[in-house]
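Right, one structure below, let's go through it.
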């Protein structure tokens, strides 16, 4: 198997966000500034004020014609509020669950 060798591309940058007070405004700004595509993969996505704030920003991006994709963890988001997904889908976005909630998929013996 050939190892992956990612290539660096000029013009990119990385910013370390240390807590929710830094993360959620930056995430919302990224959604509002998006022009082509948004991919958000997350372990937790709650129907709390922060979750709805991000869902509204994602829906706004989808409404502008940005291809928006939300991937949630089936274990971490076991109690995912379907209203969040419906809100995103209603604006033209997509959301998917990427792990099984079946008992056989747990790490317990």
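The values are calculated or read from the model by the stated rules, or taken from the named source; none is laboratory data. Please read all numbers here as calculations on a predicted model, not as lab measurements. Cβ: placed from backbone, ideal geometry, glycine included. Neighbour counts: every protein chain shown.
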Problem - the stretch 1-24, subset loosely packed, with under 10 Cβ neighbours inside 10 Å and under 18 Å from the mean Cα position of the chain (by Cα), residue farthest from residue 50 (Cα to Cα) - result: 14
Completion exercise
Those residues of the stretch 60-74 that are at pLDDT 90 or above, touching a strand residue (DSSP E or B) at 6+ places or on another chain (Cβ under 8 Å) and over 9 Å from residue 94 (Cβ atoms) come to a total of 2
Problem - Which listed residue, of 78, 83, 57, 62, is touching a residue at least 12 places away in the same chain (Cβ under 8 Å), at negative phi and not in a helix (DSSP H, G or I) - result: 78
Handout entry: Any hit, the stretch 17-32, residues being touching a strand residue (DSSP E or B) at 6+ places or on another chain (Cβ under 8 Å) and touching a residue at least 40 places away in the same chain (Cβ under 8 Å)
Key = no
